[in-house]
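Structure, as C-alpha cells:
The values are calculated or read from the model by the stated rules, or taken from the named source; none is laboratory data. Please read all numbers here as calculations on a predicted model, not as lab measurements. As a convention, Cβ positions derive from the backbone with ideal geometry for all residues, glycine included, and neighbour counts pool all protein chains shown. Accessible surface is based on the protein model in full, side chains and every heavy atom, while ligands, DNA and RNA are left aside. Shrake-Rupley method; radii C 1.70, N 1.55, O 1.52, S 1.80 Å.
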Amino acid sequence: MIWWLKARQAHVVLPASLAGLAALTLVFQDTTALLPSISLSGGTQTQVMTFVAIVPVAAVARCLDSRLPAPEGSGIRPVRRLDTLLVLSVVAASLLVGFAVGALTGSSAAWAVGRNTAFLTGLMLCFHALVGTPAVMVPVAWVMAVVLVGFRTFTDPYFWAIVPEPLGAPHAAIAAVLALAAGIAAQLRSPRNQP
C-alpha cells in the first residue's frame, strides 16, 4: 500500500488540496460576483464558492493519473479498490470541511461544497474512464456552462445546474449521489484502470 500511496502522490497532493479547499471556503464563504452570462443580459450573481469544489476534484484527477502501469498491471494488489477508497475519502473530507466551515461561520454556501465536490468528482470520473487525463476539464466546463447559461434570472439557477443550488435542494443531493456512484462504477469498469 505504501508504493500505491507514493505512486499516486496522495500523501502530498490530497492534504494540500484539502487545506486549499478549507482556506478558500473560509475566505469566500457567501461572497458573490457579477459574472457575464450568455442567457441573461447584465450577467448573473454567482457565489464564488461555485468554483471552489474544483480544487479537490483536480487533486483526485492528478492522483488517479499518477500511475505505474507496468507494476499495477502485473501486481495482485487491489489497485482499483484503493483508488475508489481514495476518491471516497476525498469526497468525505470535502463534506467535513464544508460542514465545519459552515458551522463555524454560518455560511450557507460552505455547507454545499462537499455536495458539489461529490457531483463534480462523479462527472470527472465518468469522463476519465473514456478519455483519461483531459477529463479534469469536465468539472471546469460544467461550472463555466452554469455561469454562462445556467440561470433563469439574475440569481435563480436552472434545475440542471446543481452546483449553485443551496444545500437543502433535494434534486442536487440526488444528482451528486448518482453522479458519484456512476463515476465510481465507470472507474471500476474502465479498461484504463484495470490491473
Residue ranges of helices (runs of 4 or more DSSP H) in the range 9-116 with at least 3 members open to solvent by less than 30 Å² (accessible area, probe 1.4 Å): 10-28, 49-52, 54-65, 79-105
Residue in the range 185-194 that is charged (D, E, K, R) and without any contact (Cβ under 8 Å) to a residue 60 or more places away in the chain present: no
Qualifying residue in the range 45-66 (condition: in contact with a Gly (Cβ under 7 Å, 6 or more places away or on another chain) and within 20 Å of Gly122 (Cα to Cα)): yes
Phe154, sole failed condition from (1) surrounded by 14 or more Cβ atoms within 10 Å (Cβ to Cβ); (2) of a type outside the set (S, T, N, Q); (3) in contact (Cβ under 8 Å) with a residue 12 or more places away in the chain: (1)
All positions within the range 131-151 that are touching a residue at least 24 places away in the same chain (Cβ under 8 Å) and of a type in the set (A, V, I, L, M): Ala135, Val136, Val140, Val143, Val146, Val147, Leu148, Val149
Set Val140, Val163, Val136: member being part of a loop (DSSP other than H, G, I, E, B), of a type in the set (A, V, I, L, M, F, W, C), out of contact with any Leu (no Cβ under 6 Å at 6 or more places or on another chain) and open to solvent by less than 70 Å² (accessible area, probe 1.4 Å): Val163
